[in-house]
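Q: Pasting in a structure now, in structure tokens, and then I'll have a few things to ask.
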Amino acid sequence: VQLQASGGGLVQAGGSLRLSCVVSGSIFGIGAINFMGWYRQAPGQQRELVATINSADQTTYAESVQGRFTVSRDNAKLIVLQMNSLKLEDTGVYYCTAANYQGNYWGRGTLVTVSS
């Protein structure tokens, strides 16, 4: 299973960005995915969870993004993070992740920079 994230860029505070993550690989591996999510890592900080979605479309969000970010998926082949009302502290590299019975998989990350 491979993940490829895209959609990062430079945006002014208050703006929006939409991150996408395409999942590819064996149909068995993809079909067994039961958890998908987004993490981010700000400069000098540890990676932190942003949002998750499971196979039942149940979602969780970090308190810092609640009400501003929305995570969604298209089966297990695409996961999207819609980010609105962006703040300076949302700056970081955003990583998509997926998990199945075989393990956890990570994309390479896409950089989001929020400017004032």
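Q: From largest accessible area down, sort 74, 90; use a 1.4 Å probe on the protein chains. Before the final figure, lay out each step's value.
A: Working: 74 85, 90 0 Å².
Heavy-atom accessible area, descending, gives 74, 90.
Q: Within the range 45-108, which trypsin sites (Lys or Arg not before Pro) sit in a loop by DSSP and count at most 12 neighbouring Cβ atoms inside 10 Å?
A: Listed in order of number, the matching sites are 108.
Q: Suppose every K and R has +1 on its Cβ and every D and E has -1 on its Cβ; what is the size of the dipole of the chain about the Cα centre, in Debye to the nearest 20?
A: It comes to approximately 180 debye.
Q: How large is log10 I(q)/I(0) at q = 0.13, 0.23, 0.27 Å⁻¹ when the Debye formula is applied to the Cα atoms of the range 7-65, each weighted equally and without solvent?
A: These q points yield log10 I(q)/I(0) values of -0.48, -1.16, -1.27.
Q: Probe radius 1.4 Å, ligands and nucleic acids ignored: give me the carbon and sulfur share of the accessible area of the range 57-106 as a rounded percent.
A: 44 percent
Q: Further, regarding this structure: Considering every pair of different Cα atoms, what Kirkwood radius, in Å, is found for the chain? Spell out each step's value before the answer.
A: Details: mean 1/r = 0.0712 Å⁻¹.
Every distinct Cα pair counted, the radius reaches 14.0 Å.
Q: Got the relative contact order for the chain handy, in percent, Cα pairs under 8 Å and 6 or more residues apart?
A: Working: 290 pairs, mean separation 43.3, N = 116.
It rounds to 37 percent for the chain.
The values are calculated or read from the model by the stated rules, or taken from the named source; none is laboratory data. Everything quoted here is computed from the prediction, not taken from an experiment. Glycine also receives a Cβ, built like all others from the backbone with ideal geometry; neighbour counts cover every protein chain displayed. Heavy atoms of the whole protein, side chains included, go into the accessibility calculation; ligands, DNA and RNA do not. Shrake-Rupley method; radii C 1.70, N 1.55, O 1.52, S 1.80 Å.
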